[in-house]
Amino acid sequence: CSASTNKPVLTLFTKKPCPLCDEAKEVLEPYKRRFILQEVDITLPENSAWYDKYKYDIPVFHLNGKFLMKHQVDLQKFEDQLMKLELQND
């Protein structure tokens, strides 16, 4: 089934602990079948560029490599962008 390979990738820039990130993931839970969640731990040495960029802003979300939102989930924005990508893939 090719549908699964075309799922948008939602990247979460996070670190441990991150209560806001946990909260954000809960908010996104009902949508999880519609995207692939990729978590990037900004405290890892290989992610130092993201750390410098986002250390005061996590959680930060990128959808398919493009900045989407930060601090908290904007469901309206998320749904709009997700829908757009799903329509492109059909």
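The values are calculated or read from the model by the stated rules, or taken from the named source; none is laboratory data. The structure displayed is predicted, hence computed values, not measured ones. Cβ: placed from backbone, ideal geometry, glycine included. Neighbour counts: every protein chain shown. Heavy atoms of the whole protein, side chains included, go into the accessibility calculation; ligands, DNA and RNA do not. Shrake-Rupley method; radii C 1.70, N 1.55, O 1.52, S 1.80 Å.
Worth pointing out:
- Leading residue by the ranking (farthest from Glu23 (Cα to Cα)) among those in the stretch 74-90 that are touching a strand residue (DSSP E or B) at 6+ places or on another chain (Cβ under 9 Å) and open to solvent by 60 Å² or more (accessible area, probe 1.4 Å): Gln81
- Inspection of the stretch 54-65 identifies at least one residue that is outside any loop (DSSP other than H, G, I, E, B) and among the β-branched types (Val, Ile, Thr).
- One residue stands out in the stretch 26-63 among those that are of a type in the set (D, E, K, R) and under 20 Å from Asp80 (Cβ atoms): the one that is most open to solvent (accessible area, probe 1.4 Å), namely Arg33.
- Taking each residue of the stretch 19-30 that is within 14 Å of His62 (Cα to Cα) and looking for partners that are open to solvent by 90 Å² or more (accessible area, probe 1.4 Å) with beta-carbon atoms closer than 9 Å, six or more apart or interchain, yields Ala24/Gln72; Lys25/Lys32.
- When Lys25, Lys32 are checked against the criterion of being basic (Lys, Arg) and either in a strand (DSSP E or B) or within 20 Å of Asn89 (Cβ to Cβ) (or both), a single residue qualifies: Lys32.
- Pairs where the first residue, in the stretch 57-73, is within 10 Å of Cys21 (Cα to Cα) and the second is in a strand (DSSP E or B) and hydroxyl-bearing (Ser, Thr, Tyr), C-beta under 6 Å, 6+ apart: Ile58/Thr14; Pro59/Thr14
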